[in-house]
1. Show the residues, 5+ positions off or on another chain, whose built amide H is closer than 5 Å to the amide H of Ala403.
2. Want the number for Asp30 to Ala383: 0.36 nm per residue separation, take away the alpha-carbon distance, what's left?
3. About the Cα centre of the stretch 130-250, how large is the charge dipole given +1 on each Lys and Arg Cβ and -1 on each Asp and Glu Cβ? Please answer in debye to the nearest 20.
4. What net charge is computed for the residues neighbouring Val379, neighbours being all others with C-beta under 11 Å from the C-beta of Val379, Lys and Arg scored +1, Asp and Glu -1?
5. Cross-link candidates for Lys300: which lysines have Cα within less than 20 Å, leaving aside residues fewer than 8 places away along the same chain?
6. Tell me, what is a quarter of the convex hull surface for the C-alpha atoms of the stretch 130-250, in nm² with one decimal?
7. How much accessible area per residue does the stretch 28-122 have, counting only protein heavy atoms and a probe of 1.4 Å, in square angstrom?
8. What is the distance, in nm, between label points placed 7 Å from the Cα along the Cα-to-Cβ direction at Asn231 and at Leu256?
Amino acid sequence: MATAFSSDGEAALRRELRAAVAAAPRGDLDGFYEMGRAAAFVRDGGFRKVALQFPDELLADAVEVAAQMEAATGAAMYVLGDTTYGSCCVDEVAAEHVGAEAVLHYGPACLSPCSKLPVLHIFGQQPLDVGRCTEAFRELHPERQSRVVVLSDVVYAHAMGELEQQLRPEYPNIIFSRLVCGDPPGPAVPGEERKFGRQFVVEAAGGLQDYAMFYVGAEGLALTSFMLTWNRCPFSSFNPITGCGRHETLNVNRALMRRLYLVERARDAGVVGILVGTLGVAGYLTVLQHLRELLCRAGKRSYTLAVGKPNPAKLANFLEVDIFVLVACAQNSLLDSSDFYRPVVTPYELELACNPAREWTGNYLTDFRDLLPGACAHVELPAALPAAEAVPDVSLITGKMRATHLCDPSTSQLPPSTALACRDQTWALAEISPAASFLESRSWRGLEQQLGQTPVSKAVQGRRGIAIAYEDEGCEQP
């Protein structure tokens, strides 16, 4: 963890930078980026300003794609090269900076619904050896009557139709999920699953737990989210890059034990930092308000922090925070915080810690929208209890007594977020916040601004080079 906070910088200075290799085959940009479908989307919508969002691995093609799109549509194209948060989410904030009317999102996507701008997803059609994938499926599921749900990474969705043609005659009980961009219209039918932008219907009497899962794609956050959410189903996968299939040996119970340990840490926390990890997923403002209310009722202080992409160095600046909760899309919410100074939990884990009415059922939720009112997994906060009637609880980590009941917000013992205080002897009032008071007590406060005291001077040319070897050093003899 020490390397996350300090470094001599030698590795960065000596590192050689090379141009990124484009993922799209040269000469096949039209097929890989589906130029015809993208141009039709722009023309049919009458958009004049369009933002093109690329992940880092596809940026090498951004200029050529933007030029061809401008020539085909006559609209102005703006390339979003550096996303505010995860590249799988649509960056509506960056798109609004240029006044874009729509977004073309390229590459892998979490398919979280957006709240403001029309979006077209172009996943990029990565090659898939359907024959080898079929052989791997037969080896992993030799029983022809097996009940299996086939999931895939979005970049291989274009080949699922051909794979279904190969497997359907041999496996009558196989189910292929389909991608759904945004919330599907209408209520869910019995046996229908709608998660992570995938939709499928199971027909077994026992429900989804009677099925196994087969995932087409490389190991990553998407597969981890699937395995935690459907943790009662055995998983197998086929990696198109290596051409190998396997039964997933990830100890899901061990991963769940780690997450449940973080729930216990959240119960002990007195100060919680709410990390805003998305500004584009629909419902993020509602869940922020829900978490603030939950923490207030639980007697915990909360601070809302917008730090972009979280890393150990950023979050180490907030020493007063005991634990962080990350509001992000389903894929980015499962942040590995082992190298962080304080743990990072998901909204669902915070609800397990602070909402006495929510019990652990074995089903793990990574999509924060499932917690909102009207959603399938929403649980109302119970009525407040007097402290004398609350059941005592002992922390499994510290061994100390702690309160687990919810209090009435009107009688909360927490001081308000701001308060009035006497500024000087003239009885002028100043507004003081607890957070500002804590920062004032720190021994290091940063540079003194000295507003109005520093004379204005013209800018002059400084030294050139890097800090270990300026161009004007090493020339003079001692």
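1. Under 5 Å from the amide H of Ala403: no residue qualifies.
2. This chain segment gains 121.2 nm when fully extended.
3. Charge dipole of the stretch 130-250: 60 debye, to the nearest 20.
4. -3
5. Those lysines meeting the cut-off are Lys400.
6. The Cα convex hull of the stretch 130-250, projected and averaged over all directions, gives 7.4 nm².
7. Computed with neighbouring chains in place, this is 39 Å² per residue.
8. Distance between label points: 0.4 nm.
The values are calculated or read from the model by the stated rules, or taken from the named source; none is laboratory data. If you're wondering where the values come from, they're calculated on a predicted model, not measured in any experiment. Glycine also receives a Cβ, built like all others from the backbone with ideal geometry; neighbour counts cover every protein chain displayed. For accessibility, only protein heavy atoms count, side chains too; no ligands or nucleic acids. Shrake-Rupley method; radii C 1.70, N 1.55, O 1.52, S 1.80 Å.
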